[in-house]
Ligand SMILES: [Zn+2]
């Protein structure tokens, strides 16, 4: 198995098991007082992450772009396992890219979109910038706020997150709006918003192949 390019897709946290139980830490869910989400008023971040990541995977399949899903269908597998999978397969291919999909929580009033990379200037920043532009193109003013840190000249924020610092290939972590904000959470249930976020990610993956 030698491929030129392989994308690692990571739907953050866990999803819903065979008994219908959400198998993720309480900080990754939020009960809204109105609206209908994944289980009545409950919004489950891991379920959104899977809905979006599965959409990205379907598009990549349609385009015959090789990808490997490092997250489990529903289990909240350890980050070291997810990253370990990616790092093993990365040695078998010429180029690869890791994308971790999340939604944010910020206490209720925070809204918007942001992308994280590891500290310092790396190829991950270039990929993040491509993705920033693709999300702006496809979602525009549908998104309440684009949250960036321009202090180092690009739009991504930087953090020492495990999936960003332990991966051997360029990696971005995308925070798609705030699931504990009602308006943002409603958008995350909107199929057109999900579709546009997924399409932006596919375009980023296609463009990343030529800059990595
Ligand atoms: Zn998350």
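Would you check if residue 102 is without any contact (Cβ under 8 Å) to a residue 60 or more places away in the chain and within 16 Å of the ligand (Cβ to nearest atom)?
Here the answer is no, as residue 102 does not meet what is asked.
Does region 36-54 contain at least one residue that is in contact (Cβ under 8 Å) with a residue 60 or more places away in the chain, in contact with a helix residue (DSSP H, G or I) (Cβ under 8 Å, 6 or more places away or on another chain) and more than 16 Å from the ligand (Cβ to nearest atom)?
Looking through region 36-54, none of the residues is in contact (Cβ under 8 Å) with a residue 60 or more places away in the chain, in contact with a helix residue (DSSP H, G or I) (Cβ under 8 Å, 6 or more places away or on another chain) and more than 16 Å from the ligand (Cβ to nearest atom).
Would you kindly identify the helices (runs of 4 or more DSSP H) lying entirely within region 69-167 that contain at least 2 residues that are surrounded by fewer than 16 Cβ atoms within 10 Å (Cβ to Cβ) and touching a helix residue (DSSP H, G or I) at 6+ places or on another chain (Cβ under 9 Å)?
In region 69-167, 123-139 are the helices (runs of 4 or more DSSP H) which contain 2 or more residues that are surrounded by fewer than 16 Cβ atoms within 10 Å (Cβ to Cβ) and touching a helix residue (DSSP H, G or I) at 6+ places or on another chain (Cβ under 9 Å).
Values in this text are rule-based calculations from the coordinates and carry no lab data. Bear in mind that the values here come from a model prediction, so they are computed numbers and not experimental data. When we count neighbours, we look across all protein chains shown, and the Cβ atoms used for this are built from the backbone with ideal geometry, even at glycine.
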